Amino acid sequence: MDTAYVSTQPDKIKKLVVGWFSFTCSEDSTILFTELLNDHFAEWKTLVEFRHLKALKTNNSIENLDVAFIEGAISSEKQATEVTKIRNNSKYVVAIGACACNGLPSASRNMFVPENMSFKTKWYMEHFDYAAKVKKLEDVIKVDDKVDGCPMNAEAFKTALWKYLKLFKIIENA
Amino acid sequence: MHSGNITIENITKIEGTAGVEVTVENDKVTNLKFIIKDYRRFYTEAVLGKPYVASPSFLSRICGTCSVAHLFASLEAIEKSQDIVLTEQTRLLRRVAYDGLMIRDHALHLYFFVLPDVLGIDSILDIPDDHDDSGHILLHDSFDIKKLGTDISDVIIGAAIHAPYPTVGGFLKTPDPAKFPALIERLEKIRPQVLRGIKTFFDYKQELFSDADFLCLRNGKSFDFIEGEITNSDGKAITESNFHDFLKSVVVPYSQSEGYVFSDQHDNYLVGALARLNFNKDLLNPRTKADVEQYLSIFPSKNVHHNNLAQAIEILQCVDDALDVLKTIKIVDEKPVKTPKKAGVGVGVVEAPRGTLYHMARVNDKGMIEDYDVIVPTSQNQINIEKDLRKYFGANLDKPENVLRVEAEKIIRAYDPCMSCATNFLKIDWIRK
């Protein structure tokens, strides 16, 4: 799948415009993504424009994304607003990793019994803008695809990336 | 700049989300906030009531990049609570797995996050596709180094992120020694590339001198990330179980992470590779020491940017240490050591890539977690990062704002902070800042 490819526009011009985002999580899928670059850096660089990738670049933009890959669960209204803005700037959204796909383990606090919560947990919940419940991504925005796993399943991610490279006619089947 | 605010909303090329707010009045910095923005996941509360055997794997989810450090600190805490004594084979395998973690994690930080600063570009994505370009060569070195670290983890503990083989008392699956020769060959082959990186970060001249004390593990026998006592620059040595008593937690009201001060004559302290090289350079692997001799006179250093060079040297240390272990270890099939469940308290302290990491587990006689605490390196460094930024901005307000922003990010990046970790906390008395 990720060996030979044929660019339909060999003189560069069009690349898949991608954003990578992290919300509440351990960022393990971001780390795994950086590991995938060990083998795929040169290949993906010719096919993908990473327009937003905070882990690797300072100059980032969320404007006019073809695909937003979003890791992590949503912990607050502020995050919900932010991820909605990303959705509105993206043609497609792919939920990345367990926290984005089903909320857990970041949503563990949804099971806390308020009267049993420690003083310190309550203090942070009250002094910062925590929502009552942590939400998975599709509870907040429309999600087009999911790459599950903790961290994400690397092969499933590559399959998803390939799907959108074909969908946007960046590549044809070799 | 006479008066105004400088805000860095999101610091880039670090793990997690943090920002900086600086208030300037009449050419003086009147306020500076280093703000950790990641939301807490309250894992130390979520783990309560879970069986101890499930807890290390759950708590490794605190962090993606240093999950192995959390896993091993948690295993150590629980094993000590149960009086479990590990076999020599388990100790050695954990040691070499930890080498794999350090190789991969340091290389990610140094090459993916810091190297663009060295090259004067925004991102590794901007490095030219020219095989003779020095940036291109270093970037491809980093792919080889990172991949080797990951492959060591895969062979020894099943994965580099949230590893499945380690368990309380040993391993669920014994690593296959038939895979060691290939790793040994690659470890030997990688040394010139690692040495090229060390020279690169030695030649990267940045200065910011901290007045902080340093803390790290030291055991007097070897350069060790797992076993030792916590040592400071006065030579004070604290056992792992007493570390908690020497810290005071500080509420930083605008940050999702609290900070820490050390109950000693030093007001603040710094943890990480710089602390380890400052205190333990005499314990480096003899082969490492011989090959980096020309760089070692820098240490002890109070220049926080030397944390980058210290990490680069630690990559070679871990390569040579892994070689020693893999060449000599004789693998036998072992079952995890088990003892009857009992009520107890255990503390596990390890050196995570970015500094000293503390886990404390209190277990009841049914083997369930009753209390759990974590202190992570970035929380410990948080106050120091803020002090260093205040010092930098205070001395450089005549510079253009874009220069101040770039340089501030370089200072923060030198600490290799991890915000995912930093939003976990220790339950001890607070001091209002």
In square angstrom, what is the accessible area per residue of the stretch B:43-421 with a 1.4 angstrom probe?
-> 33
Scaled radius of gyration (Cα, divided by 2.2 N^0.38 Å) that the stretch A:16-168 gives | 1.09
What is the average number of partner chain Cβ atoms found within 10 Å of a Cβ in B:5-18?
-> 3
Per-residue ³J(HN,Hα) for the stretch B:187-202, Karplus 6.51 cos²θ - 1.76 cosθ + 1.60, θ = phi - 60°, Hz, x for Gly and Pro | 4, 5, 5, 7, 4, x, 5, 5, 5, 5, x, 4, 4, 4, 7, 5
Based on the mean of other beta carbon atoms within 10 Å per residue, what is the order of B:210-218, A:43-51, most packed first?
-> B:210-218, A:43-51
Scoring chain A by relative contact order with C-alpha pairs under 8 Å, at least six apart, yields a percentage of 31
Report the full-extension gain for the segment B:THR30 to B:ARG287: residue separation times 0.36 nm, less the Cα-Cα distance, to one decimal in nm.
-> 87.6 nm
Leaving out ligands, DNA and RNA, what percent of the accessible area of the protein assembly as shown is carbon and sulfur, probe 1.4 Å?
-> 52
Here the FRET efficiency for B:SER3 versus B:ASN364, based on Cβ atoms and R0 = 45 Å and rounded to 0.05, is 0.20
In nanometres, the difference between 0.36 nm per residue of separation and the alpha-carbon distance of B:LYS199 and B:LYS399 is 69.1 nm
Going by accessible area, probe 1.4 Å, with all protein chains left in place, what is the ranking of A:TYR164, B:TYR52, largest first?
-> B:TYR52, A:TYR164
Cysteines not pairable in chain A (beta carbon separation under 4.7 Å absent) | A:CYS101, A:CYS150
Counting sequence-distant residues (5 or more places) and residues on other chains, those with an amide H built under 5 Å from that of B:CYS418 are B:THR378
26 Å Cα-Cα threshold exceeded, pairs from B:LYS302/B:LYS410; B:LYS147/B:LYS335; B:LYS236/B:LYS341 | B:LYS147/B:LYS335; B:LYS236/B:LYS341
Where does the protein assembly as shown land at 222 nm, in deg cm²/dmol rounded to the nearest 500, when only DSSP H runs of n ≥ 4 count, each adding -39500 (n - 2.57), divided by all residues?
-> -12000 deg cm²/dmol
What average number of partner chain Cβ atoms lie no more than 10 Å from the Cβ of the residues making up B:91-103?
-> 0
Taking amide hydrogens as modeled 1.01 Å from N in the peptide plane, which residues meet the under 5 Å criterion relative to A:SER22, leaving out close sequence neighbours?
-> A:GLU71
Nearest-0.05 FRET efficiency for B:ASP234 and B:GLU207 at R0 = 30 Å, using Cβ-Cβ distance, is 0.75
Most mobile listed residue (B:THR339, B:THR12, B:THR44) in chain B, GNM with C-alpha springs under 10 Å | B:THR339
Reach of A:LYS14 by Cα under 21 Å, taken over lysines that are not fewer than 8 positions away in the same chain = A:LYS45, A:LYS57, A:LYS91, A:LYS158, A:LYS163, A:LYS166, A:LYS169
Chain A: angle of helix A:154-167 to the longest principal axis, Cα-based, in degrees nearest 10 | 60
Of B:GLU207, B:GLU351, B:GLU79, the one that fluctuates the most in a GNM where chain B has Cα springs shorter than 10 Å | B:GLU207
Gaussian network model of chain B, Cα within-10 Å springs - most flexible of B:GLU185, B:GLU386, B:GLU15 = B:GLU185
Averaged over B:55-66, how many beta carbons belonging to a partner chain fall within 10 Å of each residue's beta carbon?
-> 4
Determine the order of B:ARG276, B:ARG390 by accessible area, beginning with the largest, at a probe radius of 1.4 Å.
-> B:ARG390, B:ARG276
All-pairs Cα distance distribution in the stretch B:1-107, expressed in whole percent, bin size 10 Å = 12, 28, 25, 17, 12, 5, 1
Label 7 Å along Cα→Cβ of B:ILE298; the stretch B:208-227 residues with amide nitrogen under 17 Å?
-> B:208-210
Answer in debye to the nearest 20: the dipole magnitude of the protein assembly as shown about its Cα centre, from +1 Lys/Arg and -1 Asp/Glu charges placed on Cβ, is 1040
Would you please give the residues with an amide H less than 5 Å from that of B:GLY170, counting only those at least 5 places away or on a separate chain, with H modeled from the backbone geometry?
-> B:VAL337
Direction-averaged shadow area of the convex hull around the Cα atoms of the protein assembly as shown, nm²?
-> 26.5
Take every Cα-Cα pair in chain B and report what % of them are more than 42 Å apart.
-> 11
Using only protein heavy atoms and a 1.4 angstrom probe, determine the accessible area buried between B and A, summed over both sides, in Å² to the nearest 100.
-> 4200
DSSP beta bridges in chain A, what fraction antiparallel, as a percent rounded to 5?
-> 15
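The values are calculated or read from the model by the stated rules, or taken from the named source; none is laboratory data. A quick note: this is a predicted structure, and the numbers were derived from the prediction, not measured. Every residue, glycine among them, receives a Cβ derived from its backbone with ideal geometry; neighbour counts consider all protein chains shown. Remember, those area values only see protein heavy atoms, side chains included, never the ligands or the DNA or RNA. Shrake-Rupley method; radii C 1.70, N 1.55, O 1.52, S 1.80 Å.
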